[in-house]
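Report on one structure; see the data block that follows.
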Amino acid sequence: MAVRIEKDGAPGYALTTLESLIAWGRKYSLYPFTFATACCGIEVMGAFGTHYDLSRFGAEVVRFSPRQADVLLVAGTINYKMAPVLKRIYDQMLEPKWVISMGACACSGGFYNNYTVLQGIDKIVPVDVYIPGCPPNPEGIIDAVVRIQKIIETGAPRAADRWPIK
Amino acid sequence: MAEPVDITANGGTPDLQAEPMLINIGPSHPATHATLRFQAKLDGETILDLVPEFGYLHRGFEKESEAATWTQVVPYTDRLNYVSPLMNNVGYAMAVEKLCGIEITDRCKYVRVIISELSRIIDHMVCIGTNMVDLGALTNFWYFWKPREEVYFLIEELCGQRLTTSYTRIGGAMADLPAGWTDRVLAVCRGVIPECIADVNALLTKNRIFIERTMGVGPITAKDAIALGFTGPCLRAAGVPLDLRKDEPYLVYDRFDFDIPIGEAGDTCDRYLVRMEEMRQSLRIIEQAIAQLPGGPIDIDDPRFILPSKELVYGNIEALMNHFKFIMEGVKVPAGEVYSATEAANGELGFYIVSRGGGGPYKIKVRPPCFPLFQGIPHLVKGQMIADLIATLGSVNIIAGELDR
Amino acid sequence: MSIVLDRLRERFPADVVSTHSDFGDDTALVRRERIVEILAFLRDDPALLFDFAMDLTGVDYLGEEPRFEVVYHLYSLEKKRRVRIKVRLHEEDPVIDTAVAVWPGINWYEREAWDMYGIVFRGHPNLKRILMYEAFEGHPLRKDYPKAKRQPTIGPEE
Ligand code: SF4
């Protein structure tokens, strides 16, 4: 995107493509849907809270309806009872959509390796950004949002395009 | 096309009492804190029947702990009630110490009291804050989030993590308090928390909308609360002054001067008031505990339970072997069974532990305070409006981590 | 000797198998036949008044006979006392009477014990799985259920 402003202060013009204009608009109006099931959800609250303030990055309008959201933020353990619910919520979201997997549990099952815990949500939904940690700090969430913005800005392929991984 | 309703059929008055409506709430719903689910049978907006369902966060705590050593269970206990993990650590350590017959040092007892009360405060803050968010009063949540962050900074300093603390060890703690920590605790307890409590108090306690919305909502009588096994603030709001800190004083709670607030009607408003007062009482306890905090070591002096210090491990073969056995096999705990209860933020947190000797538990059952509370929800809201369900659910403070384990 | 266990043994001499007070926790092992009567007695006896059913759980002592154990933890608000009542059940017949009539709050604990250990509570109003999903087979906390044996509801088999 190229911007030109006249020397005398008169309004100039900007050159861009439609795609990058849309990407620019999307980038700063991400609506996250927080699928917070467990301890990581507390840190999600912290990220939206006063100290870390995720809204500085244009992602503060939390939607509790998947149909209005762009980013699915899965924070916490997903077990086999919950897995169909998560899948359904993902399917309900409109394209384009991105998925952040927050915390060791959502990424890989974490230190729960037993009969009930799903060993990573990427077994059932495509994941764009993983945040390590148990729980990750709120900075981790902010970083993940910025990475999603990068994906949007550069037009990099989403995980859903490579799904399912063979 | 829908059939037009013939209102003359019933003598001119329309029949509004049609079939009861079945509605599903959750498990992914902003007001159910993500993992709870209800199936409600409604007549208009009145709840005729309510079936709670949970298990959406069942993580197999018991199965995991049966495969771990005694010390390895500590991190799992963090994840039970993740809003106040330090209190779970204390509860678990006390249960194992009871089994081993360990008498921990005085300093450790005081430290455990301080961290428990700090956790109680932040737990109540989340409870009230999210309850108010569900009712549409978002501001209170931000007001309470600020002191919470301050307390998190203190906890991070103490054990290196904000949330998953794993601070206690069998016979002591992970480390002694950092230098100057108690002063910073006092600064937060004097400078930040009372102000925020006062702010929220000013916003809510005499607020007409708040009172209309919570008074008489989700009430329970003392008798029913006892029969259902309620404990903690929900029981005290119903007028039963059961608090294990007074009734079965553990640690050093008998050395402090504090009061147990109780309510009358057991409704949402009373639960809120009880929690607010408990936070103030916890501040009192912290003040006294820090004033009385004795010096000395935090760990007991017993090589059977406490890891040898790092200098010894690196310089002494016996200590190195000891360290190795400790980590690989775990602490040796005698065979037997104990039940040890502490007063957590939500009520009685009990650990029933069976040991058959050896390095790990044979069975650990947690008695989570939320479990009976959640069971009692239908009792609290039957006959009330569907919107009252949201207010009630927030005020009893169900934490899915310890409900499902 | 504690007063609770004394009263219990006095009233039900044939049903109390053994008692101990290790670690300060009063414990009585009783026979399952009159368990509801025993629990109701503990609740109603003016000297005991155990009005709280704090906890109920099962334990699996695999390899011992009888294999299962049901453990009740009771608390008395007025007397500030606790007691633990245990009942042993055989593997072929893990059935015990429900105590829902004594304490309504024990309902879900019994469901959990059924879900996790497969202990049947006779007369329970709604003995269904509570933590696991309906399609789950077996009882995960039994010692012979492998820790990581999964039964996925969705997604690839592992
Ligand atoms: S990653 Fe850790 S903090 Fe997050 S949900 Fe799992 S156990 Fe809890």
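The values are calculated or read from the model by the stated rules, or taken from the named source; none is laboratory data. All of these numbers come straight from a predicted model, not from anything done at the bench. Here the Cβ is made from the backbone with ideal geometry for all residues, glycine too, and neighbour counts use every protein chain on show. Note: accessible area is taken over every heavy atom of the protein model, side chains too, but ligands, DNA and RNA are not part of it. Shrake-Rupley method; radii C 1.70, N 1.55, O 1.52, S 1.80 Å.
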In segment C:92-109, the residues losing 20 Å² or more of accessible area (1.4 Å probe, heavy atoms of protein chains only) relative to their chain alone are C:PRO104, C:GLY105, C:TRP108, C:TYR109
For chain C the mean separation of alpha carbon contacts under 8 Å (6+ apart) over residue count, i.e. relative contact order in percent, is 17 percent
If R0 = 22 Å, then A:LYS150 and A:ASN113, at their Cβ-Cβ distance, give a FRET efficiency to the nearest 0.05 of 0.10
Once amide hydrogens are built 1.01 Å from N within the peptide plane, the residues lying 5 or more places from C:ARG81 or on another chain with amide H under 5 Å from its amide H are C:SER76
Counting all Cα-Cα pairs in the protein assembly as shown, those more than 49 Å apart amount in percent to 17 percent
Here the gain from full extension of B:GLU19 to B:ALA179, 0.36 nm per residue of separation minus their alpha-carbon distance, amounts to 50.9 nm
So the carbon and sulfur contribution to the accessible area of the protein assembly as shown, 1.4 Å probe, in percent, is 55 percent
Label model pair B:VAL252, C:ALA148: point-to-point distance (7 angstrom along the Cα→beta-carbon line) in nm is 4.5 nm
The C/B contact buries a total accessible area, at probe radius 1.4 Å and rounded to the nearest 100 Å², of 3700 Å²
The extension gain from B:ILE260 to B:LEU42, computed as 0.36 nm times the residue separation minus the Cα-Cα distance, is 74.7 nm
Per the 1/(1 + (r/R0)^6) rule, R0 = 25 Å and r from the Cβ atoms of C:HIS20 and C:VAL95, FRET efficiency to 0.05 is 0.45
Ignoring ligands, DNA and RNA, the residues of segment B:120-145 whose accessible area with a 1.4 Å probe is reduced by 50 Å² or more relative to the chain alone are B:TRP142, B:TRP145
Whole-Hz Karplus couplings 3J(HN,Hα) for segment A:132-143, θ = phi - 60° and coefficients 6.51, -1.76, 1.60, Gly and Pro as x, run x, x, 9, x, x, 5, x, 4, x, 5, 4, 4
Length gained if B:LYS382 through B:ILE209 is fully extended, taking 0.36 nm per residue and subtracting the Cα-Cα distance, is 60.0 nm
Karplus-derived 3J(HN,Hα) from phi for segment A:25-42 (6.51 cos²θ - 1.76 cosθ + 1.60, θ = phi - 60°), whole Hz, x at Gly and Pro, runs x, 5, 4, 9, 9, 6, 9, x, 10, 8, 9, 9, 9, 9, 3, 4, x, 5
Per the 1/(1 + (r/R0)^6) rule, R0 = 35 Å and r from the Cβ atoms of C:ASN126 and A:VAL61, FRET efficiency to 0.05 is 0.25
As straight-line cross-link partners of C:LYS147, the qualifying aspartates and glutamates (C-alpha separation under 16 Å, not fewer than 8 residues apart within one chain) are B:GLU62, B:GLU64, B:GLU66, C:ASP60, C:ASP115, C:GLU137, C:GLU158
Using alpha carbon centers only, segment B:78-139 is separated from segment A:55-73 by a whole-angstrom value of 31 Å
Comparing each residue of segment B:226-249 in the complete protein assembly with the chain by itself (heavy atoms, probe 1.4 Å, ligands and nucleic acids ignored), those losing at least 40 Å² of accessible area are B:ILE226, B:ALA227, B:LEU242, B:ASP247, B:GLU248
Taking a probe of 1.4 Å and leaving out DNA, RNA and ligands, segment A:54-124 shows per residue an accessible area in Å² of 32 Å²
Rounded to whole Å², per residue accessible area for segment B:180-228 with a 1.4 Å probe reads 52 Å²
If one compares the long axis through the Cα atoms of helix B:386-396 with the longest principal axis of the Cα atoms of chain B, the angle in degrees, nearest 10, works out at 20 degrees
Taking a straight Cα-to-Cα line shorter than 20 Å from B:LYS223, and setting aside same-chain lysines fewer than 8 residues away, one finds B:LYS382, C:LYS79, C:LYS80
In whole Hz, the Karplus estimates of ³J(HN,Hα) for segment B:186-192 (6.51, -1.76, 1.60; θ = phi - 60°; x where Gly or Pro) are 4, 4, 5, 5, 9, x, 9
With every protein chain kept in place and a 1.4 Å probe, chain C has an accessible area per residue in Å² of 41 Å²
If amide H atoms are modeled at 1.01 Å from N in the peptide plane, then the residues at a separation of 5 or more from A:PHE35, or on another chain, having amide H under 5 Å from its own are A:LEU73, A:VAL74, A:ALA75
Counting only DSSP beta bridges fully inside the protein assembly as shown, the antiparallel percentage to nearest 5 is 75 percent
Compactness check, segment C:13-145: C-alpha Rg relative to the 2.2 N^0.38 Å globular estimate gives 1.05
Cα-Cα longer than 20 Å, checked against A:LYS123/B:LYS363; B:LYS363/C:LYS86; A:LYS81/A:LYS123; A:LYS81/C:LYS128; A:LYS27/A:LYS97; B:LYS365/C:LYS86, kept in input order, equals A:LYS123/B:LYS363
Chain B: relative contact order from alpha carbon pairs under 8 Å, six or more residues apart, as a whole percent, is 25 percent
Relative to chain C, whose Cα atoms define the longest principal axis, helix C:107-117 and its Cα axis are tilted in degrees, nearest 10, by 50 degrees
The simple spin-label model distance between B:ASN316 and B:THR221, using points 7 Å out along Cα→Cβ, in nm, is 6.5 nm
Toy charge model, Lys and Arg Cβ at +1, Asp and Glu Cβ at -1: segment C:1-152 dipole around Cα centroid in debye, rounded to 20, equals 300 debye
For chain C, the longest principal axis of the Cα atoms and the Cα long axis of helix C:35-44 enclose an angle in degrees, to the nearest 10, of 50 degrees
Chains B and A: accessible area buried, summed over both chains, 1.4 Å probe, nearest 100 Å², reads 2900 Å²
Using a 1.4 Å probe on heavy atoms of the protein chains only, the accessible area for B:HIS29 in Å², nearest 10, reads 70 Å²
Cα-based Rg then Dmax for chain B, in Å, read 23.8, 97
Computed over chain A, the relative contact order (Cα-Cα under 8 Å, seq sep at least six) in percent reads 21 percent
Counting only residues 5 or more apart in sequence or on a different chain, those whose built amide H sits under 5 Å from that of A:VAL99 are A:LEU72, A:ASP128, A:VAL129
